Amino acid sequence: MATLISDELISRLRNDDINALGELYNLLSKKIYNRCLFILKDQNLAEDATQELFLKAFRHIGSLKDDKKIEGWLNRMAYNYCMDYFRKEKKTKDQLDLLVNEEEPLSIIDNIEFLENSKVTKDKLVAEIEALNETDRMILVMYYWEGMLVSEIAEMMDLGNSAVKMKLSRTRSKLKENLEKEGISSAVALTVLVILNLI
């Protein structure tokens, strides 16, 4: 859910009030840090990125066209900043494929009694999620595990709402199809996806 940022705070930012930057940081830094950590998977890098992003936002506040969308603007900056980091550091494809925090889906899946009795099913499901391309995987995790709204994901990733919905639908179908190819029956695949709120 978006954090309510007052018009007065935005006005002060636009007037180069450094105290307003501190207030904005207090309101949104945890969310931005979590976004960076989600992608970079390194606490120190995420902390550095968060500080740099707020300074960058302060310097470029003039490019914010809609004051009510400042959180989405910052989220999009965080996503672009972190992806640029990977490009600049020339990370390998394998590293790019590990953008999703492996412990998050695993811990959630481990807590599902149905799956605890089916290690093969659980392992295959995790493998299928990790095999998705980075965009689809991030959208899936942000929607189902982080509880972000479609509109928030769209804003962060600079996509339309319909594009996010389409990707979610295709990803769900792809997971079901791939689980069935792995020998998990249609009924079991559907049950797993229902339990995980993936259909």
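Bear in mind these aren't lab numbers, they're just calculated from the coordinates by the rules spelled out. Computed from a predicted structure; not experimentally measured. Cβ: placed from backbone, ideal geometry, glycine included. Neighbour counts: every protein chain shown.
Condition check ((1) in contact with a Ser or Thr (Cβ under 7 Å, 6 or more places away or on another chain); (2) surrounded by 14 or more Cβ atoms within 10 Å (Cβ to Cβ); (3) within 22 Å of ASN15 (Cβ to Cβ); (4) not acidic (Asp, Glu)) across all residues:
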| site | (1), (2), (3), (4) |
| --- | --- |
| LYS65 | no, no, yes, yes |
| LYS68 | no, no, yes, yes |
| GLU71 | yes, yes, yes, no |
| MET77 | no, yes, yes, yes |
| LYS88 | no, no, no, yes |
The one condition in (1) buried (at least 16 other Cβ atoms within 10 Å of the Cβ); (2) under 19 Å from ILE139 (Cβ atoms) that ASN34 fails to fulfil: (1)
task: Starting from residues that are part of a helix (DSSP H, G or I) and without any contact (Cβ under 8 Å) to a residue 24 or more places away in the chain, keep the ones in region 145-165 and report whichever is nearest to the chain's Cα centre (by Cα).
output: ILE153
